[in-house]
Amino acid sequence: MARYILRRLIAMPFLVLGIVTLAFLLTTVTKGDPLTAIVSDRQMNDPEAVAAAKARWGLDRSLPERYLIYVGNLLSGDLGTSFITRRPVAQDVLFRLPATLELVIAAMLVGTTIGITLGVLAAYFHNTGIDHLARFFALFGSSIPVFWLGLALLYVFSVKWGILPGPGRIDPRADLPAMVTGFMTIDTLLAGKIRLFFDALWHLILPAFVLGWAVAGTISRLVRANMLEVLDREFILTARAKGAGEFRVVVRHALRNTLVPTLTVIGYSFAYLLTGAILTETVFSWPGMGSYAVDAARGLDMPAIIGVTIVGGVVFLLTNLITDIAYVIANPRVRLG
Amino acid sequence: MTRQPLFAVQDLRVAFARDGEYFEAVRGIGFHVDHGEVLGIVGESGSGKSVGVLAALGLQAKTARVRGSARFQGRELIGMPRHELRQLRGSRIAMIFQDPLSSLNPVMTVGAQIAETILLHNPAVSKKQAMDRAIALLELVAIPQPDRRVAQFPHEFSGGMRQRVMIAMAVANDPDLLIADEPTTALDVTVQAQIMDVLADLQKRLNLGLILITHDLGVLAGHADRVAVVYSGEVVEEAGVDDLFKRPSHPYTRGLIASIPNMLVEKERLFSIDGAPPPLGKLPGGCAFHPRCPQAQAICSETAPVLETFGDHGVACHFGRSA
């Protein structure tokens, strides 16, 4: 087990280097000229201004040179400077990433809780009304577009009924707490601002539910299928013959065996949401990685695009690693040397 | 009989719904077993022997309909509230099943599974005590290094060792009745005898009532006190084990005995009963066995014979006595 984790950790730097290289090369093959993002249209005709801009951003150097400089800077945590915000990309990401993480973690909590519960109920009450209802709910969640669902829920809960706040992470008039973790719910608590904590929590509910519902659909279908198979296995009969109650039979014996394959999907969904939350972030004006990436792509902001790609890739790798480790822990039959 | 047997099943019927209609897989089965007694129930796969016993303990499939009577220590199990039945299962009545690998939870250590049985029925026992008892139980079923093995998972055990774990789990709460459903069928021949020895030894030591369900009459010869032969959801013959082997009265029993491999008599090929048991819902009229019976007469396809008892030898055959 320890050797397995070590081996995976040793492989990490090489994988990251691969991501960096790919992300860097991809930007060089795009059609758009990054100069248009830096230099205004009027100055484009001024060769001196163009040359100055090229020198300022290193665009006059050869590709291998730029690559080596980039990788060198990366080693000291420098992701370059954004063309648009004119701030270090690393700093932008440090502010954006926690916002996305907070949203995605909340969405995964909602999604796995609903997904597992629905899957278990559907399997246990196989082919009954409960099963059909659970499957309909799951199918609805995973087939409805998130931007539509987001807008509809915002309209109903925020505009029409006013029981939940509108877009954003927190009341815009609020006196923001100092950024410690970047998680609004945690930072407000750390600052001792209980009312702001609840405000941040209320703001999380709708976007987390919108994203979580889609995940719940996938998870519940998987859990249901696995549960149906596990409930037919003989050790379930053994558990009942032992005198275990139905709740215990389902949760401790059946569900635990179902979790092994489910873990993989939960890990994958998490990684997918991190990069796929763009639409939800847009609808809810959530200042996360998704909206940052969209802005960067629109403005041909190359340093930002590469930076987002690298950070997304690394988070994806880490998620996969954690998933695989959890898989080994949950499944004693896998023994890795 | 004035005295109450430990476990008595009477006219037990189990039916399964298919397309809105019920088909009986168990058609009025009856048997009884006492403390310290070993009852063998023998029959082909699909004869309803396992289904009937499981249903008596409330472990039937959700779609099944159960009728009749199954009394344990005088208490009626059929229709008993589920939580009361649950208190009996695993404490007073224990079971072991055919395939010890699939019968054990793959993601729990064997110790945790044995301890669970103890904890479920003894809320006052601590986890630590339950684990200590689990180790003692593994020792009881002769598993070497029990203190190390207790923390291992089922896949780390061999087939025979797994069945020992199942047995340890079954006797964890010192039950009165143990039901072993084909306990050796999935095991290697060499291991079968060992497992039967462990079972027989525990049965005597704990004075268990033991029901041994099997399709192999040979297994019963050395271990059962009495045998009930089941065909197509009914008991067709019941007798003391010696009596049954000496004077088998039902043609089906005779067929079963003739099919046991015998090394003393040289035979070209093993005897087998022609045909297959009737499928669910496709019972022939009259005696269910008559299409396969070498002695069938006209009456056999018209009237179903009832179990008649001569002394303590019961047989359900029109020609049972004359045979």
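The values are calculated or read from the model by the stated rules, or taken from the named source; none is laboratory data. Quick caveat, the model's predicted, so the values are computed rather than measured. Cβ sites come from the backbone with ideal geometry, for glycine too, and all protein chains shown count toward neighbours.
Exactly one residue out of A:Leu59, A:Leu68 is assigned to a helix (DSSP H, G or I) and aliphatic (A, V, I, L, M), and it is A:Leu68.
Pairs linking a residue in the stretch A:62-75 that is exposed (fewer than 13 other Cβ atoms within 10 Å of the Cβ) to a residue that is assigned to a helix (DSSP H, G or I) and at pLDDT below 90, with Cβ atoms under 8 Å and 6 or more positions apart or on different chains, are A:Leu63/A:Thr28.
Under the condition of being more than 7 Å from every other protein chain (Cβ to nearest Cβ) and over 18 Å from B:Val165 (Cα atoms), the residues counted in the stretch B:113-127 number 6.
Restrict the check to the stretch A:180-189 and report whether at least one residue is out of contact with any Pro (no Cβ under 7 Å at 6 or more places or on another chain) and either within 30 Å of A:Val250 (Cα to Cα) or exposed (fewer than 13 other Cβ atoms within 10 Å of the Cβ) (or both). Yes, there is a match, as at least one residue in the stretch A:180-189 is out of contact with any Pro (no Cβ under 7 Å at 6 or more places or on another chain) and either within 30 Å of A:Val250 (Cα to Cα) or exposed (fewer than 13 other Cβ atoms within 10 Å of the Cβ) (or both). Scanning the stretch A:77-92 for residues that are within 21 Å of the chain's Cα centre (by Cα) and surrounded by fewer than 16 Cβ atoms within 10 Å (Cβ to Cβ) turns up at least one hit.
Kindly evaluate A:Glu234 against the criterion of being within 14 Å of chain B (Cβ to nearest Cβ), in contact with a Ser or Thr (Cβ under 6 Å, 6 or more places away or on another chain), surrounded by fewer than 19 Cβ atoms within 10 Å (Cβ to Cβ) and without any contact (Cβ under 8 Å) to a residue 60 or more places away in the chain. So A:Glu234 passes the test. Kindly check whether there is at least one residue in the stretch A:245-261 that is modelled with pLDDT of 90 or more, within 30 Å of B:Ser91 (Cβ to Cβ) and not in a helix (DSSP H, G or I). Looking through the stretch A:245-261, at least one residue is modelled with pLDDT of 90 or more, within 30 Å of B:Ser91 (Cβ to Cβ) and not in a helix (DSSP H, G or I). Remark: pairs (first residue in the stretch B:240-264, under 18 Å from B:His318 (Cα atoms); second residue part of a helix (DSSP H, G or I); Cβ separation under 6 Å; 6+ apart in sequence or on different chains) = B:Pro248/B:Arg254; B:Pro248/B:Ile257. Taking the stretch B:33-60 as the range and being away from chain A (no Cβ under 14 Å) and either surrounded by fewer than 21 Cβ atoms within 10 Å (Cβ to Cβ) or in a helix (DSSP H, G or I) (or both) as the test, the residues that pass are B:Asp34, B:His35, B:Gly36, B:Glu37, B:Glu44, B:Ser45, B:Gly46, B:Lys49, B:Gly52.
Taking the stretch A:247-266 as the search range and keeping residues that are touching a residue at least 60 places away in the same chain (Cβ under 8 Å) and farther than 30 Å from B:Glu84 by Cβ, which one is nearest to the chain's Cα centre (by Cα)? Ranking the qualifying residues of the stretch A:247-266, first place goes to A:Ile266.
Could you tell me which residue of the stretch A:15-52 is modelled with the highest pLDDT, considering only residues that are surrounded by 11 or more Cβ atoms within 10 Å (Cβ to Cβ) and assigned to a loop (DSSP other than H, G, I, E, B)? That would be A:Asp46.
Only one entry of A:Ala244, A:Ala297 meets the criterion of being within 30 Å of B:Gln87 (Cβ to Cβ) and either hydrophobic (A, V, I, L, M, F, W, C) or buried (at least 17 other Cβ atoms within 10 Å of the Cβ) (or both), and that entry is A:Ala244. Within the stretch B:100-112, the set of residues being crowded, with 22+ Cβ neighbours inside 10 Å and either more than 8 Å from chain A (Cβ to nearest Cβ) or small (Gly, Ala, Ser) (or both) comprises B:Pro100, B:Ser103, B:Val110, B:Gly111.
The residues listed here are A:Leu176, A:Leu139, A:Leu149, A:Leu164; of these, the one that is closer than 23 Å to A:Ile114 by Cα and part of a loop (DSSP other than H, G, I, E, B) is A:Leu164. A:Ala254: within 14 Å of chain B (Cβ to nearest Cβ) and surrounded by 24 or more Cβ atoms within 10 Å (Cβ to Cβ), yes or no? Here the answer is yes, as A:Ala254 does meet what is asked.
Residue pairs whose Cβ atoms lie under 7 Å apart, separated by 6 or more positions or on different chains, with the first residue in the stretch B:78-99 and more than 9 Å from every other protein chain (Cβ to nearest Cβ) and the second modelled with pLDDT of 90 or more and part of a loop (DSSP other than H, G, I, E, B), are B:Arg92/B:Pro175; B:Arg92/B:Asp176. For the stretch A:312-328, check the following and say yes or no: at least one residue is within 14 Å of chain B (Cβ to nearest Cβ), over 18 Å from the mean Cα position of the chain (by Cα) and among the aliphatic types (A, V, I, L, M). Yes: one or more hits. All conditions but one from (1) under 20 Å from B:Leu54 (Cβ atoms); (2) in a loop (DSSP other than H, G, I, E, B) apply to B:Ala70; the one that does not is (2).
For the stretch B:196-222, residues that are farther than 26 Å from B:Cys317 by Cβ and within 15 Å of the chain's Cα centre (by Cα) total 7.
Is the stretch A:139-147 home to any residue that is aromatic (Phe, Trp, Tyr) and under 30 Å from A:Ala254 (Cβ atoms)? Yes; the residues of the stretch A:139-147 include at least one that is aromatic (Phe, Trp, Tyr) and under 30 Å from A:Ala254 (Cβ atoms).
Provide a single number: the residues in the stretch B:212-240 that are in contact with an Asp or Glu (Cβ under 6 Å, 6 or more places away or on another chain) and of a type in the set (A, V, I, L, M, F, W, C). Going through the stretch B:212-240 one residue at a time, the tally reaches 3.
Contact annotation: residue pairs with Cβ atoms under 7 Å, 6 or more positions apart or on different chains, pairing a residue in the stretch B:146-157 that is within 11 Å of another protein chain (Cβ to nearest Cβ) with a partner that is crowded, with 20+ Cβ neighbours inside 10 Å and of a type outside the set (Ser, Thr, Tyr), are B:Ala151/B:Gly111; B:Gln152/B:Val110; B:Pro154/B:Leu104; B:Pro154/B:Val110; B:Pro154/B:Arg162. If the condition is being under 15 Å from A:Glu234 (Cβ atoms), away from chain A (no Cβ under 11 Å) and buried (at least 24 other Cβ atoms within 10 Å of the Cβ), then the stretch B:166-187 contributes B:Ala180, B:Pro183.
If you go through the stretch A:192-224 and pick out every residue that is more than 23 Å from A:Pro167 (Cα to Cα) and either touching a Cys at 6+ places or on another chain (Cβ under 9 Å) or touching a residue at least 12 places away in the same chain (Cβ under 8 Å) (or both), you end up with 8. Restricting the search to helices (runs of 4 or more DSSP H) fully inside the stretch B:89-208 and requiring at least 3 residues that are closer than 25 Å to B:Gly48 by Cα gives B:159-170, B:189-205.
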